[in-house]
Every structure is written in structure tokens, then in C-alpha cells.
Amino acid sequence: MLQTNLHEVESAAGLQKLLEENENVMVCCGRMGPMCIPVYEVMEEIEEEYSQVKFAVMAFDHPEAGVIRNAPECRGFMGLPFTMYYKNGKVVKATSSIQNHKQVTTILNEQFAS
Amino acid sequence: MADVYDMMIVGAGAAGLTAGIYSSRAKLKTLILNEGAVGGQMVLTHEIANYPGVESISGYALANIMKKQARDFGCAIKSNIRIVRYALNDAVKEVELEDGRVFRSRAVILAPGGRPRPLGISGEEKFKGKGISYCATCDGDFFTGKELVVVGGGNSALEEAVSLTKYATKVTIVHQFDHFQAFEHAVREARENPKISFIMESELREIKGADNVERVVIEHLPTGDRTEMATDGVFVFIGYLPNTESVKGLVAMNDRGEIVVDGAMRTSVPGIFAAGDGIVKRYRQVTTAVADGTIAALSAAEFLRN
Ligand SMILES: Cc1cc2nc3c(=O)[nH]c(=O)nc-3n(C[C@H](O)[C@H](O)[C@H](O)COP(=O)(O)OP(=O)(O)OC[C@H]3O[C@@H](n4cnc5c(N)ncnc54)[C@H](O)[C@@H]3O)c2cc1C
């Protein structure tokens, strides 16, 4: 379990359900480490403002997180966290390693403009 | 319309949060403005084992306790903001955020801390998360069975190089000088590790690859000779820079960009105090940041009373 205030996905089926129920989804798959915590914090900070986006986290070491770890969009990724942006169930963007407030919101504004 | 506070604190690391605890506990209306994640460098630290009174704690947990303490005393904290304008010379100080919000107070504590120094070479940004890393504990396991370059020659570089040999088959340390700036035991441990080799008096000039890091260009400084070396990743540990660019010219600094303070943490401008890793000092630790933050808040409170 990750200690964040964000919705935590705990299985591949849970992720699938989230994608079916929400048009725009951002999932940060990481650990409680220095590269991941700042991204969770950005997500917590902007969750209210970006009400059209469902924000979630997933523990990188959870066996079911293979659905993100092994996603084709993450091939070559070598830095935590792996952050996925989905629109209508499809990956529209994926990033590796720490991202700041501006980098995250730039992607959200490009992909999920309301 | 500006929001008015008694005290504004720039930065929510150990120094800023401590200043926030003392200031709000003294019943001063206090606001902390923080550019990144609350906790600053503490959240970069997996384990803090030298904070007195706490045997061992993760930096994230310690930062969260400090944040809660500050909030419980009534301190307002705004994180992930960016200050675009400072007006610090008049009796009432003013800052403006990127989104146009303006805040005023009669005293300000600058606690902007520091950040890892980047290499600043071609390929660094492109390959971040694709072979370039600044955190061995975070990303080491992606390099299992691979070959790595570690850049740096201080304690962090040597200790992290040793820890990366748990995963990598070979670690090459590239360092700009002919000797290390590290404790003897750290140097010995690295030298005795059969997986570690050294390229001294050299610097990385470029990082190359298609999608991921594949090669680095290394310059031997005395001769200027450049060679290419195949590698799967580069870990960078070349020290820290003070986050003081945004207040450059507003308060006195030394030539490294560290804010000059006196024993009461006063800067060159009346009503402006500074604390933590961003000031001129020898030892940068959580304990020293906390001490600076305490002194800065108490001095600022006294300034406000007078
Ligand atoms: C990997 C690592 C391990 C460490 N291990 C230990 C240890 O075991 N024990 C120990 O005692 N110390 C350790 N340290 C050192 C310790 O973490 C620091 O000395 C201390 O946290 C510094 O606190 P600070 O508040 O001065 O600065 P920081 O922690 O750097 O916090 C400054 C804050 O200010 C924000 N900021 C910067 N500029 C602005 C701006 N213009 N506007 C608004 N906000 C701004 C930053 O985003 C940051 O949140 C370690 C450091 C690192 C990097």
C-alpha cells in the first residue's frame, strides 16, 4: 500500500474498471520514494482543480502492477515512477521518472482539456 | 487584493517548516509558500538515522510530521506554487505568484534549500528516466545485469556506486579530480569493490543513444582527449546548488549564490531572514536546517515586536 491520499488501484481488474468508468485517467505507478512522492503530491494538489480527470496510484511492486510495468508504452523506462495517462481506456501518454507540477499539468491540459 | 500575513516563509523543507512551527505557535499569522513537494530534500532521504530523539525514520514520514505540526499550530502552507515577483525592500514585503495571487507581510524568512546539481550536458534531459538517474535506491534495480557510469567523487557518489554493484555487473566512476572528496572509509569501500573501476580527471561531455542511454562521451581534462564508452545508464551525484536564483540581487550572497546571514539569521535587508541549506554554512543537515529555522523565526518575531 502507498501512503497517499489518492485512490489506490490494487489489481489489473481494478485498473480496467477505473478506465471503463472514467474518460480521463492518470495513474502514477511507483513506490514511497523520492522520485515518486513529489508526483503524488502534485496529483493531490491538483485533484480538485482537474475534476474531469480521475487520479490514482498503484504500487510498483504489486504483482498486478505488471499491467503498467510491462505496458508497451513503458518499454525502455528505467526511472520511477511510471505515470500513465489514459483517454477512453487507451494510453495517450506515459512518462518515466519524476515530473514537476508544470510537466504534469502541461500533459493534462494537452490531453484532457475540458 | 493582497492577502496579508505577519510572516511569510519561502520554502517548506526542514528549515521552513520549523520556522512555520515556531512562528505560528507564537500566534503570528504565518504563510509558507513552497515551490515543490513539502519536505524538500527530506523526502529524498529513505532513512534518517541521525535526527536526535528518533532512532530511524523515513524522510517522508519526518517531513509529514513537521508539516502536521506546523498546520496544527495554524500555519498556512501552499505548495507547488511559483513566485514570480518579490518586493522585499519596503517595510511591507510583497510576493506575487505565477497565477497572479499577491501576499504581503512585514517579515519574510527565505528557506529555499538546495537541489541536486545537474550535469548540464547534451542528452541529460532527453534520457531522464531512460538511463539517467539521480537516485540509486529508486532506480538501481532497473540496471540489474547492466553496466553503469556514476559521476562524482564525494560521499554520495562513492556510497551509491557501491550500492549499485548489488544490481550492475560493472560500475565506472568518472570524477573530475585526481582524488576524492569523501570519507576515507567510503573511498576504501569503493576501491576494494571488484565491480568498480575509476576514470579520474575526467568529465562527461555528452550522453548518446536512440531511445535509451547507450554511450557517453568522456573528456580527459589534462589532455582534452575525448573517448566514447558504451554504458546502459548514468547516475549523477555531483553535489548541490542553492535554490537562490529567484532572490539573487535582493539580499547579499556569496559567490556560490548562498545567502549571507548573521548569527540571528538576519540577511542584508531589514525584515528578511534566511535559514537552511540556502545560506552560507559548512554543514547541511536536517538538524542544522531545523536550528536555523528556529533562530530565524524567533529573530523575525522579535523584529516584528520591535
Ligand atoms: C539524498 C539525501 C540524503 C540526506 N540524508 C540526510 C540525513 O541522513 N541526515 C540529515 O540530517 N540530513 C540529510 N540530508 C541533508 C538534509 O536533507 C538537508 O540538509 C535539509 O533537508 C535541508 O533543509 P532545507 O529546509 O534547508 O532545504 P530543502 O530541504 O532543500 O527545502 C527547501 C524547499 O524550498 C522550496 N523552494 C526552493 N526555492 C523556492 C522558491 N523560490 N519559492 C518557493 N519555494 C522554494 C523547495 O522546493 C523545497 O521544498 C540529505 C540530503 C539528501 C539530498
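The values are calculated or read from the model by the stated rules, or taken from the named source; none is laboratory data. None of the values given here were measured: they were computed from a predicted structure. Cβ coordinates were reconstructed from backbone atoms using ideal geometry, including for glycine residues, and neighbour counts include every protein chain displayed. Side chains are part of the model used for accessible areas, which takes the heavy atoms of the whole protein and leaves out ligands, DNA and RNA. Shrake-Rupley method; radii C 1.70, N 1.55, O 1.52, S 1.80 Å.
B:Glu124 fails exactly one of the following numbered conditions: (1) surrounded by 14 or more Cβ atoms within 10 Å (Cβ to Cβ); (2) within 15 Å of the ligand (Cβ to nearest atom). What is the number of that condition?
(2)
Can you say whether A:Pro72 is more than 8 Å from chain B (Cβ to nearest Cβ), out of contact with any strand residue (DSSP E or B) (no Cβ under 7 Å at 6 or more places or on another chain) and under 25 Å from B:Lys126 (Cα atoms), as far as the supplied structure shows?
It is true that A:Pro72 is more than 8 Å from chain B (Cβ to nearest Cβ), out of contact with any strand residue (DSSP E or B) (no Cβ under 7 Å at 6 or more places or on another chain) and under 25 Å from B:Lys126 (Cα atoms).
So B:Val95 passes all but one of these: (1) within 10 Å of the ligand (Cβ to nearest atom); (2) open to solvent by 20 Å² or more (accessible area, probe 1.4 Å); (3) away from chain A (no Cβ under 14 Å). Which condition number does it fail?
Checking B:Val95 against (1) within 10 Å of the ligand (Cβ to nearest atom); (2) open to solvent by 20 Å² or more (accessible area, probe 1.4 Å); (3) away from chain A (no Cβ under 14 Å), the one that fails is (2).
Which residue pairs have Cβ atoms under 7 Å apart, sit 6 or more places apart or on different chains, and have a first residue in segment B:113-142 that is without any contact (Cβ under 8 Å) to a residue 60 or more places away in the chain and a second that is assigned to a helix (DSSP H, G or I)?
Pairs found: B:Gly140/B:Ser163; B:Gly140/B:Leu164.
If you check B:Gly100 against the conditions, is it more than 9 Å from chain A (Cβ to nearest Cβ) and surrounded by fewer than 24 Cβ atoms within 10 Å (Cβ to Cβ)?
Details: more than 9 Å from chain A (Cβ to nearest Cβ): yes; surrounded by fewer than 24 Cβ atoms within 10 Å (Cβ to Cβ): yes.
For B:Gly100, the condition - more than 9 Å from chain A (Cβ to nearest Cβ) and surrounded by fewer than 24 Cβ atoms within 10 Å (Cβ to Cβ) - is met.
Inspect all residues belonging to segment B:215-223 and state whether any of them is within 14 Å of chain A (Cβ to nearest Cβ), open to solvent by less than 40 Å² (accessible area, probe 1.4 Å), away from the ligand (no atom under 16 Å from the Cβ) and under 30 Å from B:Glu125 (Cα atoms). Give the steps one after another, and end with the answer.
First, the residues of segment B:215-223 that are within 14 Å of chain A (Cβ to nearest Cβ): none.
No; the residues of segment B:215-223 include none that is within 14 Å of chain A (Cβ to nearest Cβ), open to solvent by less than 40 Å² (accessible area, probe 1.4 Å), away from the ligand (no atom under 16 Å from the Cβ) and under 30 Å from B:Glu125 (Cα atoms).
Any idea which residue in segment B:36-67 is most open to solvent (accessible area, probe 1.4 Å), counting only those that are near the ligand (Cβ under 7 Å from one of its atoms) and at positive phi?
Out of the qualifying residues, it is B:Gly40.
Need the failing condition index for B:Glu125 against (1) within 14 Å of chain A (Cβ to nearest Cβ); (2) in contact with a Ser or Thr (Cβ under 8 Å, 6 or more places away or on another chain); (3) of a type in the set (D, E, K, R), just the number.
Exception for B:Glu125: condition (2).
Under 24 Å from B:Lys130 (Cβ atoms) and open to solvent by 10 Å² or more (accessible area, probe 1.4 Å): which single residue out of A:Ala65, A:Ala59 fits that description?
Among A:Ala65, A:Ala59, only A:Ala59 is under 24 Å from B:Lys130 (Cβ atoms) and open to solvent by 10 Å² or more (accessible area, probe 1.4 Å).
Which of the residues belonging to segment A:36-56 are part of a loop (DSSP other than H, G, I, E, B), within 14 Å of chain B (Cβ to nearest Cβ) and either open to solvent by 10 Å² or more (accessible area, probe 1.4 Å) or among the basic types (Lys, Arg) (or both)?
A:Glu47, A:Glu48, A:Glu49, A:Tyr50
If I filter segment B:5-35 down to residues being modelled with pLDDT of 95 or more and open to solvent by 60 Å² or more (accessible area, probe 1.4 Å), which single residue comes out as nearest to the ligand (Cβ to nearest atom)?
It comes out as B:Tyr22.
I'd like to verify a number: residues in segment B:161-183 that are at pLDDT 95 or above and open to solvent by 50 Å² or more (accessible area, probe 1.4 Å), how many?
Adding up the residues that qualify gives 8.
Just checking, which of B:Val251, B:Val260, B:Val247, B:Val269 is loosely packed, with under 15 Cβ neighbours inside 10 Å and not assigned by TED's automatic domain parsing to the domain that holds B:Gly131? Full working, then the answer.
Values: B:Val251 fails: loosely packed, with under 15 Cβ neighbours inside 10 Å; B:Val247 fails: loosely packed, with under 15 Cβ neighbours inside 10 Å; B:Val269 fails: loosely packed, with under 15 Cβ neighbours inside 10 Å.
Criteria check complete, one pass: B:Val260.
Residue under question is A:Gln16, and the condition is that it be assigned to a helix (DSSP H, G or I) and over 28 Å from B:Met42 (Cα atoms); does it hold?
Considered against the rule, which asks whether it is assigned to a helix (DSSP H, G or I) and over 28 Å from B:Met42 (Cα atoms), A:Gln16 comes out as yes.
Could you list, in sequence order, all residues of segment B:131-141 that are out of contact with any Cys (no Cβ under 9 Å at 6 or more places or on another chain) and either buried (at least 20 other Cβ atoms within 10 Å of the Cβ) or at pLDDT 95 or above (or both)?
Within segment B:131-141, B:Gly131, B:Ile132, B:Ser133, B:Tyr134, B:Cys135, B:Ala136, B:Asp139, B:Gly140 meet the criteria.
Starting from residues that are under 26 Å from B:Asp99 (Cα atoms) and assigned to a loop (DSSP other than H, G, I, E, B), keep the ones in segment A:92-114 and report whichever is most open to solvent (accessible area, probe 1.4 Å).
Here the answer is A:Ser114.
Quick check on my filter: what residues within segment B:45-92 are among the hydroxyl-bearing types (Ser, Thr, Tyr) and within 13 Å of another protein chain (Cβ to nearest Cβ)?
So in segment B:45-92, the residues among the hydroxyl-bearing types (Ser, Thr, Tyr) come out as B:45, B:51, B:56, B:58, B:60, B:79, B:86.
Passing the criteria: B:Thr45, B:Ser58, B:Tyr60, B:Ser79.
Out of A:Gly33, A:Gly89, I need the residue that is within 10 Å of chain B (Cβ to nearest Cβ) and either open to solvent by 60 Å² or more (accessible area, probe 1.4 Å) or within 28 Å of B:Asp211 (Cα to Cα) (or both). Which one?
A:Gly33
Go through segment B:266-284 residue by residue and tally those that are at pLDDT 95 or above, in a loop (DSSP other than H, G, I, E, B) and within 12 Å of the ligand (Cβ to nearest atom).
Total satisfying the criteria: 1.
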